[in-house]
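The values are calculated or read from the model by the stated rules, or taken from the named source; none is laboratory data. None of the values given here were measured: they were computed from a predicted structure. Ideal geometry is used to build each Cβ from the backbone, glycine not excepted, and the neighbour counts take in all protein chains shown. We work out accessible area using only protein heavy atoms, side chains counted, and drop any ligands, DNA or RNA first. Shrake-Rupley method; radii C 1.70, N 1.55, O 1.52, S 1.80 Å.
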Amino acid sequence: MGVPRFLTSAERPADIADAIDGGLHAHNLSHAPLEQVQALVCAALDDEHRTLGGVVGRTWGECAEVEQVWVQVAHRRSGLGRTLMQHFEQEALGRGVRRIYLSTFSFQARGFYEKLGYEVVWEVRGFTPEISKFMMQRELPAST
């Protein structure tokens with residue numbers, strides 16, 4: 001093995017990103033039961049099967065991660081987002097999940113999540129003077 005040559009790039013070369021992702025995935029598989037991670041998607045569809053909104057996430061053990069939440073502009077503030085999150089939480093609870101976590105920017109939906117019972121567990125500042133990113137978490141009630 002020769003002396004490493006270092007590359008710094010403003011681009012994201014696919015081959016390098018794939019090598020890093022694959023190497024990290026192999027390492028993680030050797031240390032954690034990642035085969036237990038399950039996708040969880042809840043979506044609202046109209047009569048023509050178009051997506052009105054949805055929640056994309058995953059569960060693993062007693063934890064669930066909400067990765068993305070989106071609702072069409074025309075359906076925002078209608079309760080659809082709340083209902084989607086409730087469906088996600090109920091399915092997660094049925095899988096044995098006890099806590100759900102997510103991240104959101106200050107220009108996104110912090111208040112929405114707070115109304116659903118999520119609490120900020122840390123904040124990262126510095127994106128711009130006005131923008132922060134929040135990690136939020138909610139403990140689920142015990143199932144009956």
Task: Some residue of the range 104-118 being closer than 20 Å to A39 by Cα and modelled with pLDDT of 95 or more - done: yes
TODO: Name every residue in the range 94-124 that is out of contact with any helix residue (DSSP H, G or I) (no Cβ under 9 Å at 6 or more places or on another chain), part of a strand (DSSP E or B) and open to solvent by less than 60 Å² (accessible area, probe 1.4 Å), in order of residue number.
DONE: S103, F105, V124
- [ ] Report yes if some residue within the range 16-25 is at positive phi, open to solvent by 60 Å² or more (accessible area, probe 1.4 Å) and either at pLDDT 95 or above or not in a helix (DSSP H, G or I) (or both); otherwise report no.
- [x] no
